[in-house]
Amino acid sequence: MKKIGVLTSGGDAPGMNAAIRAVVRKGIYHGMEVYGIYNGYQGLMEGKIEKMELGSVGGIIQRGGTTLFSARSEAFKTEEGQARAIEQLNKFGIEGLIVIGGDGSFQGAAKLTAKGFPCIGVPGTIDNDIPGTDFTIGFDTALNTIIEAVDKIRDTATSHERTYVIEVMGRDAGDLALWAGLANGAESVIIPEKDEQFEDVLERLKRGSARGKKHSIIILAEGVGSAIDYGKRIEESTDFETRVTVLGHIQRGGRPTGFDRVLASRLAGKAVDLLREGEAGKMVGIQNNQLVHHDIIDVLKKPHKLDMSLYQLMSELSI
Ligand code: ATP
């Protein structure tokens, strides 16, 4: 394979630039031409394609977001949209495509592969909700952003003896909330994977207060519902002064952590290797610190599993 393309799709995630850089540099290292496709599948259909050089990806490893930009495209979901995309790839002589994104983006990659165009998926999303990999690119950076924000909120929570409900991202997955809960020493985490009894949450708040705790932090995953509603329920059921913070899109931005930069470089490098070996329709991942690959179709059929031993540990540490 002599010409490959790379695009980013779906929600952006810190570390995507490190992945783009690795595709371009590793491709060129192995004598390939690498083409950057702008604005995800939408840009692919529109032919927003540019040949990348070594210098095209200089100075981006430390930047959040994606320098190839991202987009959501309804038009690409149609047969006609996918045919247009393949037409553009053929026009540039591109023989294989690396898609950096989440599960929606992988649906697109699977469709192109089924139509005979080889694609490899690289999991890039802060949500960590992709089966077949222990970590996705961006999760660690988003987690660290949350940790820093909650540390700050904890200062004011302590000063005013308040209870805080903090809503974090993660779509339908509780990974960010659970890891942040553990790392921030929260009283409770409310996640979609676990039916947390409201009475238990209240009980824990009361126990903490009785032993002189000056603050309480509850971390709620967006997949469960609204932190504002949850905060109201607590205020209505107790006499704890309660505040709510929805962290929002700050979780998606920022310089990628060292972990995410290395992860992105490893996964993207592996994706280039798979194309060189003639593989198609695979997703790269990391499991037990080993690079792995799986059929995208299989990955898309499986539910994401959260490590519930972390939940148990969290419960034991927040008595
Ligand atoms: P994240 O979860 O981080 O937001 P994602 O990749 O899941 O990332 P989506 O918006 O679901 O984000 O998907 C990105 C794009 O992938 C869509 O806008 C669309 O162009 C394409 N896509 C999604 N689902 C399909 C599908 N079933 N068939 C073809 N293309 C799809």
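The values are calculated or read from the model by the stated rules, or taken from the named source; none is laboratory data. Please read all numbers here as calculations on a predicted model, not as lab measurements. Here Cβ is always computed from backbone atoms with ideal geometry, including for glycine, and neighbour counts include all displayed protein chains. In case anyone asks, the SASA skips ligands and DNA or RNA and just uses the protein heavy atoms, side chains included. Shrake-Rupley method; radii C 1.70, N 1.55, O 1.52, S 1.80 Å.
Overview of results
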read-out: The range 84-129: translational diffusion in µm²/s, Stokes-Einstein, Kirkwood Rh over Cα pairs, 25 °C, 0.890 mPa s; value: 222 µm²/s
read-out: Net charge dipole size for the chain [Lys, Arg +1 and Asp, Glu -1 on Cβ; Debye, nearest 20]; value: 1020 debye
read-out: Computed [θ] at 222 nm, deg cm²/dmol, the chain (DSSP H ≥ 4; -39,500 (n - 2.57); rounded to nearest 500); value: -13500 deg cm²/dmol
read-out: Amide hydrogen neighbours beyond the local backbone of Gly124, cut-off 5 Å, H modeled; value: Gly101, Gly102, Ile137
read-out: Positive dipole terminus of the chain, leading residue within Leu306, Ile296, Pro131 (C-beta point charges); value: Ile296
read-out: Contact order relative to length of the chain, as percent, for alpha carbon pairs under 8 angstrom and 6 or more apart; value: 23 percent
read-out: Lys pairs, the range 225-319 - Cα-Cα below 28 angstrom, 8 or more residues apart or on other chains; value: 7
read-out: Candidates Gln62, Gln290, Gln88: whichever shows maximal mean-square fluctuation once the chain is modelled as a Gaussian network with Cα springs under 10 Å; value: Gln290
read-out: Heavy-atom SASA rank of Tyr29, Tyr164 (probe 1.4 Å, accessible area, largest first); value: Tyr29, Tyr164
read-out: The range 89-100 - phi-based ³J(HN,Hα) in whole Hz, Karplus 6.51/-1.76/1.60, Gly and Pro as x; value: 4, 5, 4, 8, x, 6, 10, x, 10, 9, 10, 9
read-out: GluC sites (Glu not before Pro), loop per DSSP, at most 14 other Cβ atoms within 10 Å - longest free stretch of the chain; value: 75-160
read-out: Mean-position separation - Cα centroids, the range 228-291 and the range 65-140, in angstrom; value: 18 Å
read-out: Equivalent ellipsoid dimensions for the chain as semi-axes, Å, which come from the Cα gyration tensor, largest first; value: 42, 18, 17
read-out: Listed residues Gly174, Gly254, Gly121, most fluctuating in the chain (Gaussian network, C-alpha, under 10 Å); value: Gly254
read-out: Spin-label pair Lys2/Gln197, simplified geometry with 7 Å Cα→Cβ offset, distance in nm; value: 6.8 nm
